[in-house]
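The values are calculated or read from the model by the stated rules, or taken from the named source; none is laboratory data. A quick note: this is a predicted structure, and the numbers were derived from the prediction, not measured. Every residue, glycine as well, gets a Cβ built from its backbone with ideal geometry; the counts of neighbours run over all protein chains shown. Ligands, DNA and RNA are stripped out before the accessible areas are found, and what is left, the full protein with its side chains, is counted by its heavy atoms. Shrake-Rupley method; radii C 1.70, N 1.55, O 1.52, S 1.80 Å.
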Amino acid sequence: MSHGTTLILAATGKTGRRIAARLRPVWFEATAQGTIQLFTDPESIKVRRLRRDPRASLVVAAPVGEPERWLSAAGRTTVEPDGAHDLAARLAARYWDLDDPARADALAEVLAGDWVRLVIHPETVRRYTF
């Protein structure tokens with residue numbers, strides 16, 4: 001997964017369009033240990049669902065205009081109470097120009113929040129490349 005990848009969340013059909021309209025891109029990090037991590041609000045619906053059923057999947061696709069390729073990972077997910085702020089700071093530096101005062105202020109707002117770290121431990125990984 002390169003720094004230029006974008007998480008794409010989508011579905012098809014009438015139900016898929018309703019679901020896709022509510023989904024948003026997510027910042028993530030692939031670790032040297034082979035896990036994928038992201039941060040989220042500890043009170044979010046996704047955290048409540050993951051506490052009941054820890055299975056999750058993630059699909060990452062190349063940005064529009066690049067040759068089509070994607071990666072899908074699925075596996076058990078843990079909700080970790082620590083490390084979310086450090087992760088958020090690393091990801092902000094990757095995705096934003098923190099020399100821009102507006103982005104630096106936005107990061108300060110993020111870091112003031114309460115977050116947990118989600119860690120996906122992939123059991124299945126599928127790839128498509130040219």
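Go through segment 43-65 and give me each residue that's surrounded by fewer than 18 Cβ atoms within 10 Å (Cβ to Cβ), of a type in the set (A, V, I, L, M, F, W, C) and in a helix (DSSP H, G or I).
Residues satisfying the conditions are Ile45, Val47.
For segment 92-130, enumerate the residues that are touching a residue at least 12 places away in the same chain (Cβ under 8 Å) and open to solvent by 60 Å² or more (accessible area, probe 1.4 Å).
Within segment 92-130, Arg94, Tyr95, Leu111, Asp114, Trp115, Glu123, Val125, Arg126, Arg127, Tyr128, Thr129, Phe130 qualify.
Among (1) in a helix (DSSP H, G or I); (2) open to solvent by less than 30 Å² (accessible area, probe 1.4 Å), there is one condition Ala73 misses while meeting the rest; what is its number?
(1)
Can you tell me which of Arg103, Arg94 is under 26 Å from Val125 (Cα atoms) and in a helix (DSSP H, G or I)?
On the way: Arg103 fails: under 26 Å from Val125 (Cα atoms).
Every option except Arg94 fails the conditions.
Which ones in segment 26-42 are in a strand (DSSP E or B) and open to solvent by 30 Å² or more (accessible area, probe 1.4 Å)? Break it down into steps so the answer makes sense when it comes.
Of segment 26-42, the ones in a strand (DSSP E or B) are 29-30, 36-40.
Within segment 26-42, Ala30, Phe39 qualify.
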